[in-house]
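Notes follow once the structure below has been shown.
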Amino acid sequence: MNLNRFLKLLLMLGLIIPQALSAPLIPPDHGERLVRGLEIFQKDIRPLLVEHCVKCHGGEKTKGGFDLTTREGLLKGGDGGAAVELYDAKVSKLY
């Protein structure tokens, strides 16, 4: 049985939910990307966000519902939707 038919069977049996099929797959080099990304964020990006963005998009003051003070807020985005596209930064609104 091929993978596609197997997934359809699991879906029909209610053993998986449709959202699980559309969830982004974690790339094999996820751990390495995470370490590199954290280093880049701490060194280059965080200082820029603090200097230019957090005054209006942080803590209690969040213009457009966009809070940059937490990872969750950054990934959630604001009133205009998500600002960060996981695994594809160049298509992210924040980029």
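The values are calculated or read from the model by the stated rules, or taken from the named source; none is laboratory data. Please read these numbers as outputs of a predicted model, since none were measured by experiment. No Cβ is skipped: glycine too gets one built from the backbone with ideal geometry, and neighbour counts run over all protein chains shown. In case anyone asks, the SASA skips ligands and DNA or RNA and just uses the protein heavy atoms, side chains included. Shrake-Rupley method; radii C 1.70, N 1.55, O 1.52, S 1.80 Å.
Observations, loosely collected:
- Filter result for the condition that a residue is of a type outside the set (A, V, I, L, M), within 21 Å of ALA89 (Cβ to Cβ) and either modelled with pLDDT of 65 or more or under 21 Å from the mean Cα position of the chain (by Cα) (or both), over GLU51, GLU60: GLU51
- Of the residues making up segment 25-73, those that are part of a helix (DSSP H, G or I), open to solvent by less than 50 Å² (accessible area, probe 1.4 Å) and either in contact (Cβ under 8 Å) with a residue 40 or more places away in the chain or out of contact with any Gly (no Cβ under 6 Å at 6 or more places or on another chain) (or both) are GLY31, GLY37, LEU49, GLY73.
- GLU85 meets all of the listed conditions (1) in contact with a helix residue (DSSP H, G or I) (Cβ under 6 Å, 6 or more places away or on another chain); (2) at pLDDT 90 or above; (3) open to solvent by 70 Å² or more (accessible area, probe 1.4 Å) but one, namely (2).
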